[in-house]
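This report refers to the structure that appears directly beneath it.
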Amino acid sequence: MIFDPILDLFRGKAVTIPPMDGAFRSNTALDEADAVLKIAAPDNLAFDGTHLLFSSGTDVLSLAPGSDKPERVERLPATVTAMAAGPERGLAIACDDGTIVIDGGKHADKRLTPASLGNLACPTALAFDGADHLLIAQGSDKHRASDWAVDLMEKNAGGSLWRVDLETGAAQRLAGDLAFPYGILIQGERIVVAESWRHRLVAIPRQGGAAQPLLTKLPGYPARLAPASDGGAWLALFAPRNRLIEFVLLENDYRAAMMQEIERPHWIAPALASGTSFLEPLQSGGVKTMGIHKPWSPSRSYGLVVRLDAALQPVASFHSRANGRRHGITSVVEAGGQVLAASQGGNAILAIDWRAEAGA
Amino acid sequence: MTVILETQKLTKAYRGVPAIKDIDFELQAGEIHSLVGENGAGKSTLTKIMAGAVIASSGKLLYRGQEISFATPSEALNAGIAMVFQETSLVPSMTVAQNLYLGQEKFLNRLRGIYISAQQFLQSLNFTVDPTAIVSTLGAAKKQMVEIARAVQHKAEVIIFDEPTATLTPEEKRHFFALMRRLKQRGVSIVFITHALEEALAHSDRITILRDGEKVQSGPTASFDRDTVIRHMVGRTLSGELYRNRRDAADIRKAGKKILSVQDISMGNIVRNNSFSVYEGQITGVFGLIGSGRTETFKVVSGIYKRNFLRGGDIELDGKPVRYYVPAPAVKDGILYVTEDRKAEGFFETMSIAENLYSGLLAAGLERVPYVSMREMRDLSQHWSKSLNVRAINDNARVIELSGGNQQKVVIGKSLVQKPKLVIFDEPTRGVDVGAIAEIHQIINKLADDGLAVVVISSYLPEIMNLSDRILVCRQGRIVEELSPQDATEEKIMYAAVH
């Protein structure tokens with residue numbers, strides 16, 4: 001055993017996937033959840049105190065309590081990749097082209113571009129730090145946010161966390177070398193960041209510094225974080241880890257050939273939805289038997305929302321399993337006593353019955 | 001119907017203690033007669049006398065109306081009485097076919113010929129066993145099939161099956177019962193010893209119940225139901241408390257600290273990327289069909305088997321990575337595996353209860369003094385015999401002389417002296433009678449109540465559903481599903497185990 005680290009240099013270190021048990025025990029809570037709204041690829045849920053704000057493609061929409069008719073707030077030139085609600089009804093909106101627009105609030109109509117931010121071109125998560133500062137997670141220094149699958153397959157870790165002064169436009173780098181930071185949560189003197197490709201949450205000092213792991217070995221790819229009313233947090237995981245993808249991530253030549261020769265939707269890579277085309281990988285007897293899609297079968301997509309306690313340890317989880325449809329949960333928020341989750345793969349915003357504490 | 005085999009006032013005593021006393025038993029021609037009773041009730045002793053393996057102290061054995069006495073099993077076999085023993089009596093280094101025809105070889109024996117003949121014979125019984133396979137490479141179920149085939153092959157008129165179905169899968173059991181019915185149609189009389197009362201009630205014509213070496217009841221199967229059988233066996237009704245489904249959330253223990261985390265362990269084609277966790281203060285039930293890799297997984301965890309050298313996965317005990325190449329360090333770290341095959345792996349059968357328990361202490365390095373202390377051995381034996389209710393003539397009784405249930409308690413005691421953190425019970429009640437099952441279940445529950453992490457591997461669904469606080473289902477070398485006892489139904493568990 002003492003020689004294992006040395007032997008690993010020659011035989012390759014084993015990549016293991018943590019089981020979905022304990023607080024992560026599988027259930028069908030997301031599939032059973034009520035759909036508040038059915039809409040194409042909802043994402044970036046935010047709550048301004050009265051209305052639910054979210055994006056769908058290039059549109060930013062607002063949904064009044066009890067209504068099922070969203071109103072358009074804004075239409076952007078590119079797909080919205082991140083949003084954050086701030087003080088005085090301010091709303092920061094980031095697009096796939098790297099532009100960040102402030103809508104309402106003290107800095108209304110302020111526009112930040114990659115050029116003005118020093119090539120900050122891949123905003124994946126935003127959070128207001130007071131009224132005058134905006135935290136920006138840059139997912140990758142090589143690709144756009146929508147090219148996340150390419151970033152994963154290239155095994156990049158060029159993400160970073162920035163604080164931008166909205167008065168002056170000055171950007172301060174708080175942390176670097178992050179493997180696709182995809183969620184931000186401010187907790188006292190630390191900033192919690194979801195590092196997707198490393199399947200973990202890390203804490204970064206508010207004034208910047210090294211990232212300290214808080215919660216590691218997550219069974220999927222973490223996305224957005226949102227504060228919970230009890231002092232804990234909500235975490236969305238947008239895709240599951242599986243053996244085949246981990247294997248492909250170890251095989252450099254295969255991966256390079258796959259990226260070159262196969263269309264992206266059919267890569268052996270995590271996905272926000274799956275099972276829609278016969279060309280997809282993982283179509284075999286291991287998935288369906290006698291016409292029944294097995295819930296425990298390997299899948300490229302999955303639906304998972306996790307409730308974390310104040311110490312950011314998982315206490316409960318809500319799932320849509322391989323045979324479910326509410327996959328690709330990229331965003332979650334507590335709004336007006338409800339916990340809402342955006343299922344990009346399932347094209348719906350879901351109200352989770354979190355008091356059932358499924359999986360606890 | 002004519003009586004083919006009969007005992008009158010049959011008694012057998014060991015060291016003056018009667019194992020059976022004044023038993024009158026009748027087996028009619030062409031009937032299936034179930035013999036049920038707790039371990040130690042005397043079923044095996046009675047049938048061994050019939051099969052010539054044991055000689056009676058007093059009383060008469062009548063075969064076809066004539067008094068007879070067999071000195072050896074081969075005499076009984078020649079007379080037409082065959083017995084399929086609970087413990088395998090096959091020659092492990094020979095092939096299945098060689099075992100089938102052992103003692104009947106022609107002067108010029110042609111191996112190919114007996115393979116073909118054995119293949120045809122096994123196929124006629126619907127047993128999927130390779131006749132060319134060496135017996136030591138077979139699993140317990142397949143060995144049992146060969147045992148059964150050998151008895152049938154001898155064309156006996158009376159066949160005694162001692163717990164034939166304990167190691168068989170549901171599918172194999174169906175084949176076995178079909179075979180039993182075919183034998184009955186041919187006029188063969190069958191004595192069927194079983195602990196699965198449903199099997200006795202479903203497949204036999206008559207039932208005889210023994211308790212403490214005496215016959216307490218005998219009659220047509222239609223006159224019994226499960227509760228009356230149990231009441232006669234143990235003197236009280238246990239059915240409800242033994243196998244009730246735990247649907248009430250208050251009954252289910254909450255998970256404590258994660259004690260064992262297994263991630264992607266692999267071992268050949270048997271264990272494949274298996275991942276799961278085990279928590280303190282809970283019973284984690286693991287269900288799977290034979291060959292699903294559940295036993296092998298936990299043998300890897302406890303260092304009995306080695307995982308794959310390359311990319312064989314990770315095991316963490318109490319948050320620290322561990323990798324065992326032999327069981328000793330696992331035992332020292334508090335991982336204990338209580339084997340499914342107690343006769344082969346569980347105890348030293350010719351040693352006493354005290355010596356067996358003490359050997360467990362020595363294995364963990366927990367002995368008080370660096371030499372063999374007879375006093376420590378005696379104290380240990382007295383303590384555990386009392387707390388586990390091991391019933392024996394005295395502490396110096398050899399374990400082989402105990403009944404199955406008491407042997408199992410010794411195996412459990414031998415493990416518990418090692419002060420474990422995690423106890424893995426593999427088929428803890430296989431070959432154990434109803435009364436001892438209740439006691440073993442009590443022991444398992446108490447361990448979880450005391451805060452230990454407990455794993456119970458079982459092929460018996462009611463046992464898994466009754467004991468477990470969480471149920472893991474294993475299929476093709478990995479855990480495919482986790483269910484809470486509230487959600488679990490036999491159908492859901494079987495679906496996950498099969499598909």
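The values are calculated or read from the model by the stated rules, or taken from the named source; none is laboratory data. Only a predicted model underlies this, so the values are computations on that prediction, with no experimental measurement involved. Ideal geometry is used to build each Cβ from the backbone, glycine not excepted, and the neighbour counts take in all protein chains shown.
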Review point. If a residue has to be within 12 Å of another protein chain (Cβ to nearest Cβ), of a type outside the set (Val, Ile, Thr) and surrounded by 14 or more Cβ atoms within 10 Å (Cβ to Cβ) to count, how many in the stretch B:310-332 make the cut?
Key: 8
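Examine the stretch B:355-363 for a residue that is part of a strand (DSSP E or B), within 22 Å of the chain's Cα centre (by Cα) and in contact (Cβ under 8 Å) with a residue 60 or more places away in the chain, and state whether such a residue exists.
no
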**Study point:** Given (1) within 14 Å of chain B (Cβ to nearest Cβ); (2) over 29 Å from A:Pro123 (Cβ atoms); (3) surrounded by fewer than 16 Cβ atoms within 10 Å (Cβ to Cβ), index of the condition A:Pro298 fails
**Key:** (3)
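Among the candidates B:Val54, B:Val84, B:Val96, single out the residue that is touching a Lys or Arg at 6+ places or on another chain (Cβ under 7 Å) and either modelled with pLDDT of 90 or more or β-branched (Val, Ile, Thr) (or both).
Values: B:Val84 fails: touching a Lys or Arg at 6+ places or on another chain (Cβ under 7 Å); B:Val96 fails: touching a Lys or Arg at 6+ places or on another chain (Cβ under 7 Å).
Going through B:Val54, B:Val84, B:Val96 in turn, just one is touching a Lys or Arg at 6+ places or on another chain (Cβ under 7 Å) and either modelled with pLDDT of 90 or more or β-branched (Val, Ile, Thr) (or both): B:Val54.
Determine whether B:Arg307 is crowded, with 19+ Cβ neighbours inside 10 Å and either in the same structural domain as B:Leu447 (by TED's automatic domain parsing) or in a strand (DSSP E or B) (or both). Quick ask: steps written out before the conclusion?
Numbers: crowded, with 19+ Cβ neighbours inside 10 Å: yes; either in the same structural domain as B:Leu447 (by TED's automatic domain parsing) or in a strand (DSSP E or B) (or both): yes.
Taking the combined requirement at face value, the residue satisfies it.
Mind telling me which of the residues A:Ser55, A:Ser62 ends up being buried (at least 22 other Cβ atoms within 10 Å of the Cβ), outside the structural domain of A:Arg163 (by TED's automatic domain parsing), out of contact with any helix residue (DSSP H, G or I) (no Cβ under 8 Å at 6 or more places or on another chain) and hydroxyl-bearing (Ser, Thr, Tyr)? Spell out how you get there, then give the answer.
Values: A:Ser62 fails: buried (at least 22 other Cβ atoms within 10 Å of the Cβ).
Matching residue, one of A:Ser55, A:Ser62: A:Ser55.
Could you list all residues from the stretch A:10-67 that are charged (D, E, K, R) and under 29 Å from A:Val315 (Cβ atoms)? Outline the logic, then answer.
Our first condition is that a residue be charged (D, E, K, R); within the stretch A:10-67, this holds for A:11, A:13, A:21, A:25, A:31-32, A:34, A:38, A:43, A:48, A:59.
Within the stretch A:10-67, A:Asp21, A:Arg25, A:Asp31, A:Glu32, A:Asp34, A:Asp43, A:Asp48 meet the criteria.
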**Study point:** Unique residue being assigned to a helix (DSSP H, G or I) and under 30 Å from B:Glu6 (Cβ atoms) when the list is B:Asn78, B:Asn99
**Key:** B:Asn78
Review point. Tell me, which residue of the stretch B:446-464 that is under 20 Å from B:Glu280 (Cβ atoms) and not aliphatic (A, V, I, L, M) is nearest to the chain's Cα centre (by Cα)?
Key: B:Lys446
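Say we look at the stretch A:216-257 and pick out the residues that are of a type in the set (Val, Ile, Thr) and assigned to a helix (DSSP H, G or I); which of these is nearest to A:Ser320 (Cα to Cα)? Please lay out each step first, then the result.
Filtering the stretch A:216-257 down to residues of a type in the set (Val, Ile, Thr) leaves A:216, A:245, A:248.
Going one step further and asking which of them are assigned to a helix (DSSP H, G or I), we end up with A:245, A:248.
Values: A:Ile245: 19, A:Val248: 24 Å.
Ranking the candidates gives A:Ile245 first.
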Study note, to complete from the structure: The condition of being at positive phi, without any contact (Cβ under 8 Å) to a residue 24 or more places away in the chain, away from every other protein chain (no Cβ under 14 Å) and of a type outside the set (Lys, Arg) holds, among A:Gly98, A:Gly104, A:Gly118, only for A:Gly104
Revision key, fill the gap. Taking the stretch B:467-499 and keeping only residues that are in a helix (DSSP H, G or I), surrounded by fewer than 22 Cβ atoms within 10 Å (Cβ to Cβ) and away from chain A (no Cβ under 14 Å), one is left with B:Glu490
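Would a scan of the stretch A:311-321 turn up a residue that is more than 26 Å from A:Ser229 (Cβ to Cβ), aromatic (Phe, Trp, Tyr) and away from chain B (no Cβ under 12 Å)?
From the stretch A:311-321, those more than 26 Å from A:Ser229 (Cβ to Cβ) are A:321; that's our starting set.
Checking which are aromatic (Phe, Trp, Tyr) leaves us with none.
Looking through the stretch A:311-321, none of the residues is more than 26 Å from A:Ser229 (Cβ to Cβ), aromatic (Phe, Trp, Tyr) and away from chain B (no Cβ under 12 Å).
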Study note, to complete from the structure: Given (1) at pLDDT 80 or above; (2) surrounded by 23 or more Cβ atoms within 10 Å (Cβ to Cβ); (3) more than 16 Å from B:Asp341 (Cβ to Cβ), B:Lys419 misses just (2)
Point to revise | Given (1) crowded, with 21+ Cβ neighbours inside 10 Å; (2) outside any strand (DSSP E or B), index of the condition B:Phe161 fails | key: (2)
Check your understanding: Can you name every residue in the stretch B:308-325 that is within 21 Å of B:Gln476 (Cβ to Cβ) and at pLDDT 90 or above?
Key -> B:Ile315
Practice item. Take the residues in the stretch B:249-280 that are of a type outside the set (Asp, Glu) and more than 13 Å from chain A (Cβ to nearest Cβ), then tell me which one is surrounded by the fewest Cβ atoms within 10 Å (Cβ to Cβ). Key: B:Ala250
Practice item. Examine the stretch B:128-135 for a residue that is surrounded by fewer than 22 Cβ atoms within 10 Å (Cβ to Cβ), on the phi < 0 side of the Ramachandran plot, part of a helix (DSSP H, G or I) and within 24 Å of the chain's Cα centre (by Cα), and state whether such a residue exists. Key: yes
Practice item. Tell me, yes or no, whether the stretch B:283-301 has at least one residue that is surrounded by fewer than 23 Cβ atoms within 10 Å (Cβ to Cβ), polar (S, T, N, Q), more than 8 Å from chain A (Cβ to nearest Cβ) and not in a strand (DSSP E or B). Key: no
Study note, to complete from the structure: Within the stretch B:364-405, residues in contact with a Phe, Trp or Tyr (Cβ under 8 Å, 6 or more places away or on another chain), buried (at least 18 other Cβ atoms within 10 Å of the Cβ) and not in a helix (DSSP H, G or I) come out as B:Val390
Practice item. Of the numbered conditions (1) among the hydrophobic types (A, V, I, L, M, F, W, C); (2) in contact with a Ser or Thr (Cβ under 8 Å, 6 or more places away or on another chain); (3) at pLDDT below 90; (4) closer than 17 Å to B:Val473 by Cβ, B:Met351 fails exactly one; give the number of that condition. Key: (4)
Point to revise | Matching option when the condition is touching a residue at least 24 places away in the same chain (Cβ under 8 Å) and more than 14 Å from chain B (Cβ to nearest Cβ), among A:Asp31, A:Asp59 | key: A:Asp31
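Rundown of residues vs (1) of a type outside the set (A, V, I, L, M); (2) crowded, with 16+ Cβ neighbours inside 10 Å; (3) farther than 18 Å from A:Pro181 by Cα; (4) in contact with a Cys (Cβ under 8 Å, 6 or more places away or on another chain), yes/no style:
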position: A:Lys69; (1), (2), (3), (4): yes, no, yes, no
position: A:Val80; (1), (2), (3), (4): no, yes, no, yes
position: A:Cys95; (1), (2), (3), (4): yes, yes, no, no
position: A:Gln138; (1), (2), (3), (4): yes, yes, no, yes
position: A:Ala149; (1), (2), (3), (4): no, yes, no, no
